[in-house]
Amino acid sequence: MAAAAVSTPPRQPDIAYAPNYDKYLARVQRRLANETISKSLPDGFPKELKSDLVWTNENISQRFDWNFQLTAADIEELENALQHFKQLNKPNGFINQDTFPLPTLHARLREVSNEVHNGFGFKVIRGVPVDRHTREENVIIYAGLASHVGPIRGRQDHTFDGKPADVVMNHIKDLRTVYDANQIGAPAYTNDKQVFHTDAGDIIALFCLEEAAEGGQSKLSSSWNVYNEIARTRPDLIRTLAEPWPAELFDGKGEPYVSRPLLYYQPETETSAERLIIQYARRNFTGFQALPRSPDIPPITEAQAEALDTLHFLAEKHAVGLDFKKGDIQFANNLSIFHARDGFTNTADKQRHLVRLWLRDEEFAWETPAQIQNRWDGVYKDVAEENSIFPLEPYIRSSSKGGKTNQLKEDGTRS
């Protein structure tokens, strides 16, 4: 009697958080040689997107000035709004367009929101006088100005100091001198290169409190342009991106992963414009340092590994680098733009430090695909003003923290 065939469980492809171009090319050639590759797009998906949201580093600077330079009058208006809010003696969760009034700037900041949603997808406001203010005052100015672009702030963590809270601001800083390496599970808390990805939510707002001594360039790339190139050259990968993927959650609650597509297409209707949304973070499929991908959840496929690398390398090819300086606030459409950053070097007196808000503006908001509605609800639903926390010092948020090692204090001893 012939021996029964032994089936082997599928294995995770040879792919890491840091993309490897040689491995990528080898995988492409191997799949083209050994697999039957579809040459058609999924039903209903467009061959080409045509919009201002489609741009490359070769044409964006000629088509669009993304700089919004604050004038002396603008800064005076911000200073007046800061003093107005401080006199109210309210917690920072109550910062909004009414408590941080900007009578002249308001209309121009509403245009920034329109540009982010319906124009080229991003804008950089330059010149907030960071050195003039305390950390808390800078946070108030940042949140106040941002409330005129995206009035709704999203939740980035559910706990703070061991208690339930709506943490609405997150620090992006190298914390390797503060935390043991076994606790750092996301590149945001290192000086490593961050590969192209998206966050959660509609608008990402990043405020630069300090630049790195060297490196750390912020980069943006049009996901609509990336779609066009893949649709033209490898439509099979559009099919792959539009199928469910096992995305690890890293939140320590409930199910360890969720199955969902990375790409969503919404055709034009009588009441809404055509939308193409790509939502992914590479570490959810590869892991990162103290949060490696669990062997207990389904591996991604070879096709998905190729698609991940394709997204990154095409985004990198066409990306624009922003001269992101202290006092700048970058607003980007998280639904149409990938973002990344170069690795960097800090010194004792120059340490790259950004703070982040996830925002939503109901006036211009895109329809949220049903498959990611739960994730959006986790960000925006039931965020309470009185429960909103703006941490003044950096810490690792729950979904990015690995291991159980005690935190390192500034002097190197353990807490």
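Miscellaneous remarks
- Taken together, ALA205, ALA212 contain a single residue that is touching a strand residue (DSSP E or B) at 6+ places or on another chain (Cβ under 6 Å) and part of a loop (DSSP other than H, G, I, E, B), which is ALA212.
- Candidate set from the range 183-217 (those that are within 19 Å of TYR280 (Cβ to Cβ) and in contact with a Gly (Cβ under 8 Å, 6 or more places away or on another chain)); member that is surrounded by the fewest Cβ atoms within 10 Å (Cβ to Cβ): LYS193
- The set of residues in the range 40-63 that are charged (D, E, K, R) and part of a loop (DSSP other than H, G, I, E, B) comprises ASP43, LYS47, GLU48, LYS50, ASP52, GLU58.
- In the range 1-15, the residues that are at pLDDT 95 or above and either loosely packed, with under 13 Cβ neighbours inside 10 Å or in contact with a strand residue (DSSP E or B) (Cβ under 6 Å, 6 or more places away or on another chain) (or both): ASP14
- Given (1) over 30 Å from LEU322 (Cβ atoms); (2) small (Gly, Ala, Ser); (3) modelled with pLDDT under 95, number of the condition ALA33 does not satisfy: (3)
- All conditions in (1) assigned to a helix (DSSP H, G or I); (2) surrounded by 15 or more Cβ atoms within 10 Å (Cβ to Cβ) hold for ARG108, with the sole exception of (2).
- Hits in the range 344-398 (condition: in contact (Cβ under 8 Å) with a residue 24 or more places away in the chain and β-branched (Val, Ile, Thr)): THR345, THR347, VAL355, ILE372, VAL379, VAL383, ILE389, ILE396
- Within the range 79-105, the residues that satisfy the criterion of being part of a helix (DSSP H, G or I) and of a type in the set (Phe, Trp, Tyr) are PHE85, PHE94.
- Only residues that are closer than 30 Å to TRP224 by Cβ and either crowded, with 17+ Cβ neighbours inside 10 Å or more than 20 Å from the chain's Cα centre (by Cα) (or both) were counted in the range 129-170, giving 16.
- The combined condition, being basic (Lys, Arg), surrounded by 18 or more Cβ atoms within 10 Å (Cβ to Cβ) and under 30 Å from GLU316 (Cβ atoms), is fulfilled by LYS123.
- Test: residue in the range 154-174 that is closer than 13 Å to LEU78 by Cβ, outside any helix (DSSP H, G or I) and modelled with pLDDT of 95 or more: no
- Residue in the range 67-89 that is modelled with pLDDT under 95, charged (D, E, K, R) and over 30 Å from ILE277 (Cβ atoms) present: no
- Scanning the range 274-299 for residues that are hydrophobic (A, V, I, L, M, F, W, C) and at pLDDT below 95 returns PHE288, ALA290, LEU291, ILE297.
The values are calculated or read from the model by the stated rules, or taken from the named source; none is laboratory data. Note that the structure is a prediction, hence the values are computed from the model and not measured. Virtual Cβ from ideal backbone geometry, glycine too; neighbours counted across all protein chains shown.
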